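Have a look at the structure below, then the notes.
The values are calculated or read from the model by the stated rules, or taken from the named source; none is laboratory data. Everything numeric in this text was worked out from a predicted model, so none of it was measured. Cβ sites come from the backbone with ideal geometry, for glycine too, and all protein chains shown count toward neighbours.
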Amino acid sequence: MEVIVRPLKIEDYEGLKSAMIEAYDGMGGIWREANIKKLLTLFPAGQLCVEVDGKVAACALSIIVQYKLFGDEHTYEEITGNYTFSTHFDEGDVLYGIEVFVHPEYRQLRLARRLYDARKELCEHRNLKEIKVGGRIPNYHKYSAELAPKEYIDKVKSKEIFDPVLSFQISNDFHVVKVLTNYLKGDTQSEEYAVLLEWNNIYYSRKKNTMSDSIIRLGLVQWQMRTFPNMEKFFEQVEFFVDVLSEYKADFAVFPEFFNSPLLADFNHLGEYEAMRELASKTQEIQKKISEYAISYNVNIIAGSMPVLENGLLYNISYLCHRDGKLSEYRKIHITPNEMKYYSITGGDKIATINTDCGKIGILICYDVEFPELSRLLALEGMKILFVPYLTDTQNAYTRVRNCAMARAIENECYVAIAGCVGNLPGVNNMDIQFGQAAVFTPSDFAFPTNAIKAEATPNTEMTLIVDVDLNLLKELHHYGSVKTITDRRTDLYEVKRVKKN
């Protein structure tokens, strides 16, 4: 008999499927091929299998999470991002086991122990703090009439009762942290209880730039529209704000939509359509310089938004310049009638959260925030902070953005930060007046301000707004809030989902 522990491959799926069907006999669904493919794309090293004589006999699946974003009160749906694995974060600190199973034919070979040993090696190799798992207690239903979950666990620990999952995990140096309730929907054997267990990596060395606590500092730039004699003066103004926010230890510096539009003054001899395309020719240079600022000042910079010309099409793009040098982007999806009329801007077609060293965030640009479906999709993927760079000319336009942003914070149990331009540009066509007021909005419950406004700037005045937000308050709200807008959705009646493109 040849037994090999190795990384899982997508070519293994048919054998994996057969093993799952046998292992899950009577328990319902199995992992689909699309799920396995997603895990292999996100974190190939974390997906392991045991091959016995060329046949897949056992499997262990895992992700890396920034555990402080979830804490010890979580469900299986939450930790897996509702089975999308959007919660995986390469720079996280905990290896979370989401699955281990062994084909019944091979259970006497103790293959699960090999998989757990491989997980421990992976945890040490990746310098992760610990392994955590939400362990089922499949024999609990036999004793639930006479024993509370804690009493059951104590008897398993003292070996008075045998539980095939918990007994195994305890014997593998995992220790009990707490009981989880409503952990896995439909797990009738465990009566939806689970045991949070952990294995500590004694070789762990704290990483630099990992989130030390749940407090994230936001720095919003209320950008004064002014003309600049050259690009150097423009960069000087950008760097000034980045420097200030860095001095105050901000995790994010946020600029408004089209904050570079004063540079349109050089193209006033052109029509709006041509001028915006000329401005787009400067975007790459600006993005590169701001990425340099993000690294040198150690702050994640949301570079407002800028026009980008690709294959003859003009897009409105917000770049997130990470302080570790990475670059992410979001393309405005909903284009306003004026953007279509004057600039012929094309809408983007990608909706996704962005992994940062402060957790998952989302970016929507101005008009996008008036469409609740986008932020709901992001929230379901684990977004905790939504950033909205905007550009509004009149107060009623600003009011639309503001009020919709406040609604997004309440309905999605997240923070929403908005930043816009202020002042006038009399020398630039179609950019002559601006109205703006930067603000950070919260859910509406006891842990937050009574008016759901964490902070707001003085309207129409150039300034910065520096605000601390606590991600743990969102977690507590989700579980213990007066209302639970995410949990209480009637998904039996309606759902929001992406449309597959041809």
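Residues of the range 374-410 that are assigned to a loop (DSSP other than H, G, I, E, B) and within 20 Å of Asp470 (Cβ to Cβ): Gly382, Met383, Lys384. Out of all the residues in the range 223-240, which are of a type in the set (Phe, Trp, Tyr), crowded, with 17+ Cβ neighbours inside 10 Å and more than 31 Å from the chain's Cα centre (by Cα)? Result: Phe234, single match. Listed by first and then second residue, the pairs linking a residue in the range 233-250 that is touching a residue at least 60 places away in the same chain (Cβ under 8 Å) to a residue that is among the charged types (D, E, K, R), with Cβ atoms under 7 Å apart and 6 or more places separating them unless they lie on different chains, are Ala250/Arg217. If you go through the range 407-421 and keep only what is surrounded by fewer than 19 Cβ atoms within 10 Å (Cβ to Cβ) and free of Cβ contacts under 8 Å to residues at least 60 places away in the same chain, you end up with just Ala407.
Looking only at the range 422-439, residues that are of a type in the set (Val, Ile, Thr) and either free of Cβ contacts under 8 Å to residues at least 24 places away in the same chain or surrounded by fewer than 17 Cβ atoms within 10 Å (Cβ to Cβ) (or both) come to 1 in all. Scanning the range 3-23 for residues that are touching a strand residue (DSSP E or B) at 6+ places or on another chain (Cβ under 7 Å) and more than 20 Å from Ile63 (Cα to Cα) yields a count of 5. Of the residues making up the range 358-376, just one is buried (at least 19 other Cβ atoms within 10 Å of the Cβ) and of a type in the set (Asp, Glu), namely Asp368. Only one of the listed residues (Ile215, Ile170, Ile202) is under 28 Å from the mean Cα position of the chain (by Cα), modelled with pLDDT under 95 and among the β-branched types (Val, Ile, Thr). That residue is Ile215.
Just give me the residues in the range 377-396 being crowded, with 20+ Cβ neighbours inside 10 Å and not hydroxyl-bearing (Ser, Thr, Tyr), in sequence order. Answer for the range 377-396, where residues must be crowded, with 20+ Cβ neighbours inside 10 Å and not hydroxyl-bearing (Ser, Thr, Tyr): Leu378, Ala379, Leu380, Gly382, Met383, Lys384, Ile385, Leu386, Phe387, Val388, Pro389, Leu391.
Against the condition at negative phi, touching a Gly at 6+ places or on another chain (Cβ under 9 Å) and aromatic (Phe, Trp, Tyr), how does Tyr293 come out, does it pass? No; evaluated as a whole, the condition is false for this residue. Within the range 313-348, the set of residues being part of a loop (DSSP other than H, G, I, E, B), among the basic types (Lys, Arg) and under 21 Å from Lys282 (Cβ atoms) comprises just one member, Lys332.
All conditions but one from (1) exposed (fewer than 13 other Cβ atoms within 10 Å of the Cβ); (2) in a loop (DSSP other than H, G, I, E, B) apply to Tyr183; the one that does not is (1). The condition (being within 29 Å of Phe70 (Cα to Cα), assigned by TED's automatic domain parsing to the domain that holds Gly312 and of a type in the set (Gly, Ala, Ser)) is satisfied by just one residue among Ala275, Ala294: Ala294. Given the options Thr487, Thr442, name the one that is within 22 Å of the chain's Cα centre (by Cα), surrounded by 13 or more Cβ atoms within 10 Å (Cβ to Cβ) and without any contact (Cβ under 8 Å) to a residue 12 or more places away in the chain. Residue meeting the stated conditions: Thr487. Of everything in the range 290-307 that's among the β-branched types (Val, Ile, Thr) and crowded, with 20+ Cβ neighbours inside 10 Å, which residue is nearest to Gly420 (Cα to Cα)? Filtering the range 290-307 for residues that are among the β-branched types (Val, Ile, Thr) and crowded, with 20+ Cβ neighbours inside 10 Å, the one nearest to Gly420 (Cα to Cα) comes out as Ile302. In the range 248-289, the residue that is surrounded by the fewest Cβ atoms within 10 Å (Cβ to Cβ) out of those that are assigned to a helix (DSSP H, G or I) and among the β-branched types (Val, Ile, Thr) is Thr283. With respect to the conditions (1) over 30 Å from Asn182 (Cβ atoms); (2) surrounded by 20 or more Cβ atoms within 10 Å (Cβ to Cβ), Ile98 lacks only one, and its number is (1).
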